[in-house]
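The values are calculated or read from the model by the stated rules, or taken from the named source; none is laboratory data. Computed from a predicted model, the values in this text were never measured in an experiment. Because the Cβ atoms are built from the backbone with ideal geometry, glycine has one as well, and the counts that use them run over all protein chains shown.
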Amino acid sequence: MRQLIIAGNWKLNAPEIKDYVSKLSAAPDGVRIVIFPPFTYISEMARYPEVIERQNKMKIEVGAQDVSERDSGAYTGEVSAAMLRAAGAGYALIGHSERRRYHGETDGAVQRKVKRALDAGLRPMICVGETESERAGGETLRVISAQITAALDGLSPEEISLVAAAYEPVWAIGTGVSASPIDAQNACRAVRGAIGARFGAVSAELPVLYGGSMNSANAAELLAQLDIDGGLIGSASLDAPQFCEIIKIAAELAASEES
Ligand code: PGA
């Protein structure tokens, strides 16, 4: 049975946490839920009883939206993987296109962050995706394969088994225009294929999520695709009822695949 992951990326936004957590705690079982709030909310969120209870059952986890590529030192504004782990984070989002675009994050930096996260006990969720012009130039599969291969460089098979990937076409993020289910499926399959080419069979188990304007209206079709193991959701995750609705869709899908 596929383990679906529904992840919420709050970016530079924060709903009222107590209210959000209480609504989320009513979401159905059967889906792994990860919330990526801004750094300062991680420890508060990780300590709510609803989250702790769910975390123990491996259902709700809290993650960081970024992680430093350094462990310590004179790096003003940075937060290390070990600090995030100590605050209660279980995951780290790495290489989001907004980090790549606005903060000049290169494939090399992404690779170093992935390694730091793993060394500190965080599961990396690595984002890859093509821009509008790369898509227009027919370069989607080449770009995303190169990004994921670079991000995983030097990892052991054991480390790879702790990684999740998210295909997020840059043109679909925050635009209200998601990739079509078939295009998203083909891209997620390509991400898995690139991992398989380098690391072999472990790629079959590795969660590959789709992100980019996923919402309660398009989630069912996207999540039904064979190589899409969940969603990384930005704006629709800020609305707890809508986010719960997407979790419900995923839970029903997982249950129907099992039967
Ligand atoms: P969106 O963001 O759902 O608002 O498009 C997704 C993301 O950037 O992770």
Please enumerate the residues belonging to the stretch 182-198 that are over 23 Å from G90 (Cβ atoms) and either buried (at least 18 other Cβ atoms within 10 Å of the Cβ) or more than 16 Å from the ligand (Cβ to nearest atom) (or both). I182, A184, Q185, N186, A187, R189, A190, G193, A194, G196, A197, R198
Among (1) closer than 28 Å to I247 by Cβ; (2) away from the ligand (no atom under 15 Å from the Cβ); (3) part of a loop (DSSP other than H, G, I, E, B), the one test that A179 misses: (2)
Which members of the stretch 218-250 meet the condition of being aliphatic (A, V, I, L, M) and closer than 17 Å to I173 by Cβ? A219, L222, I228, L232, I233, A236, L238, I246
Do we have A197 as more than 16 Å from I5 (Cα to Cα), assigned to a loop (DSSP other than H, G, I, E, B) and not hydroxyl-bearing (S, T, Y) here? no
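Residue-wise test of (1) on the phi > 0 side of the Ramachandran plot; (2) in contact with a strand residue (DSSP E or B) (Cβ under 6 Å, 6 or more places away or on another chain); (3) among the aliphatic types (A, V, I, L, M).
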residue	(1), (2), (3)
E105	no, no, no
A109	no, no, yes
A117	no, yes, yes
G121	yes, no, no
L141	no, no, yes
A151	no, yes, yes
A164	no, yes, yes
V177	no, no, yes
I182	no, no, yes
Six or more apart or on different chains, Cβ atoms under 7 Å: show the pairs whose first residue is in the stretch 242-259 and buried (at least 17 other Cβ atoms within 10 Å of the Cβ) and whose second is among the basic types (K, R). C244/K23; A254/R2
Picking from A201, A224, which residue would you name as being out of contact with any Gly (no Cβ under 8 Å at 6 or more places or on another chain), away from the ligand (no atom under 15 Å from the Cβ) and either in contact (Cβ under 8 Å) with a residue 12 or more places away in the chain or closer than 21 Å to H96 by Cβ (or both)? A224
Identify, by number, the condition in (1) within 22 Å of A204 (Cβ to Cβ); (2) modelled with pLDDT of 95 or more; (3) more than 12 Å from the ligand (Cβ to nearest atom) that A255 doesn't meet. (2)
Checklist (1) buried (at least 17 other Cβ atoms within 10 Å of the Cβ); (2) more than 16 Å from the ligand (Cβ to nearest atom); (3) at pLDDT 95 or above applied to G231, failing item: (2)
Just a yes or no: is a residue in the stretch 208-218 surrounded by fewer than 18 Cβ atoms within 10 Å (Cβ to Cβ) and either outside any loop (DSSP other than H, G, I, E, B) or within 15 Å of the ligand (Cβ to nearest atom) (or both)? yes
Quick check on A165: is it buried (at least 16 other Cβ atoms within 10 Å of the Cβ), under 23 Å from G90 (Cα atoms), within 15 Å of the ligand (Cβ to nearest atom) and within 19 Å of the chain's Cα centre (by Cα)? yes
State whether one or more residues within the stretch 49-57 are under 27 Å from I228 (Cα atoms) and crowded, with 19+ Cβ neighbours inside 10 Å. yes
I need the full set of residues from the stretch 84-102 which are more than 14 Å from the ligand (Cβ to nearest atom) and either over 18 Å from T40 (Cβ atoms) or more than 14 Å from the chain's Cα centre (by Cα) (or both), in order please. L84, R85, A86, A87, G88
